[in-house]
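Asker: Before I ask anything, here is the structure I am working with.
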Amino acid sequence: MKFAESSLKEFTDKLASKSPTPGGGSVAGLCSALSAALNSMVVNLTKENSFGQSGAQLSKLKTESLDLMDEDAESFKQVMSAFKLPKNTEAEKEKRTKAIQTALVGAAESPLKIMKLGLEILKLGTKISEKGNVNAVSDAGVGALLALTAVKGGYYNVLINAESLKDESAAEKLESKADQIVQEAEKLAAEINEMTEKRIRA
């Protein structure tokens, strides 16, 4: 069963168990999905809004985020499987090492995708927090916090996998992309937070 199809209790029970998946990456994906959903709600509560295709974009981002919850978990399972490969001979050791490195790249790329989704939601959220129904502006603010959590949660997972890569160039590229996303996301989230508090206090 996909994580998105499980109940909240089932998901959180599995999360709290000894099972390595779901973990922080899947939770980052969930935060991204929740952020998209909250922003969608604000759009839907805003009469005669001028958000254009934002509603459709958010719906797509929500679906992609939910899918990435499972993709992230699967990528980690690939890493675990690679570590379990035999290493009795030099050929087996070489094959195992290559499998681990390939799996680590995949395990870093999945949370990077989550980061990108979180950033896209924040970009949409800037206008939503400014122009959305004032009675739901707090929801836009919470949406921004969740999107930033998705970005930074994904960031930690990119780093922990990239740091284990032997290919320093590949690791640097992954980390550089992740750093750029975090910087932009933090700036947008701060702007949304400021707008949210300003409209609430107005």
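Only the coordinates and a few stated rules stand behind these numbers; no lab work does. None of the values given here were measured: they were computed from a predicted structure. Glycine gets a Cβ as well: all are built from the backbone with ideal geometry, and neighbour counts include every protein chain shown.
Asker: Find the residue count for segment 134-182, including only residues that are of a type in the set (S, T, N, Q), farther than 17 Å from residue 28 by Cα and assigned to a helix (DSSP H, G or I).
Answerer: 5
Asker: Only one of (1) in contact with a Lys or Arg (Cβ under 8 Å, 6 or more places away or on another chain); (2) surrounded by 23 or more Cβ atoms within 10 Å (Cβ to Cβ) is not met by residue 82, so which one is it?
Answerer: (2)
Asker: Let me ask you something else. Does residue 74 satisfy being closer than 22 Å to residue 14 by Cα, surrounded by fewer than 24 Cβ atoms within 10 Å (Cβ to Cβ) and of a type outside the set (Lys, Arg)? Before the answer, list the steps.
Answerer: Working: closer than 22 Å to residue 14 by Cα: yes; surrounded by fewer than 24 Cβ atoms within 10 Å (Cβ to Cβ): yes; of a type outside the set (Lys, Arg): yes.
It is true that residue 74 is closer than 22 Å to residue 14 by Cα, surrounded by fewer than 24 Cβ atoms within 10 Å (Cβ to Cβ) and of a type outside the set (Lys, Arg).
Asker: Kindly list the number of the only condition in (1) among the hydrophobic types (A, V, I, L, M, F, W, C); (2) within 26 Å of residue 80 (Cα to Cα); (3) touching a residue at least 60 places away in the same chain (Cβ under 8 Å) that fails for residue 160.
Answerer: Unmet for residue 160, out of (1) among the hydrophobic types (A, V, I, L, M, F, W, C); (2) within 26 Å of residue 80 (Cα to Cα); (3) touching a residue at least 60 places away in the same chain (Cβ under 8 Å): (3).
Asker: Would you pick out the residues in segment 97-135 that are buried (at least 17 other Cβ atoms within 10 Å of the Cβ), basic (Lys, Arg) and more than 20 Å from residue 40 (Cα to Cα)?
Answerer: Listed by number, the list holds a single entry, 113.
Asker: Moving on. Within segment 103-160, track down each residue that is acidic (Asp, Glu) and over 12 Å from the mean Cα position of the chain (by Cα). Step through it out loud before you land on a result.
Answerer: First, pick out the residues of segment 103-160 that are acidic (Asp, Glu): 109, 120, 130, 139.
130, 139 - these are the residues of segment 103-160 that are acidic (Asp, Glu) and over 12 Å from the mean Cα position of the chain (by Cα).
Listed here are the residues, each with its yes/no results for (1) surrounded by 15 or more Cβ atoms within 10 Å (Cβ to Cβ); (2) of a type in the set (S, T, N, Q).
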residue: 1; (1), (2): no, no
residue: 12; (1), (2): no, yes
residue: 29; (1), (2): yes, no
residue: 34; (1), (2): yes, no
residue: 38; (1), (2): yes, no
residue: 52; (1), (2): no, no
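Asker: What single numbered condition from (1) in contact with a Pro (Cβ under 9 Å, 6 or more places away or on another chain); (2) of a type in the set (S, T, N, Q); (3) in contact (Cβ under 8 Å) with a residue 60 or more places away in the chain fails to hold for residue 39?
Answerer: It fails just one condition, (1).
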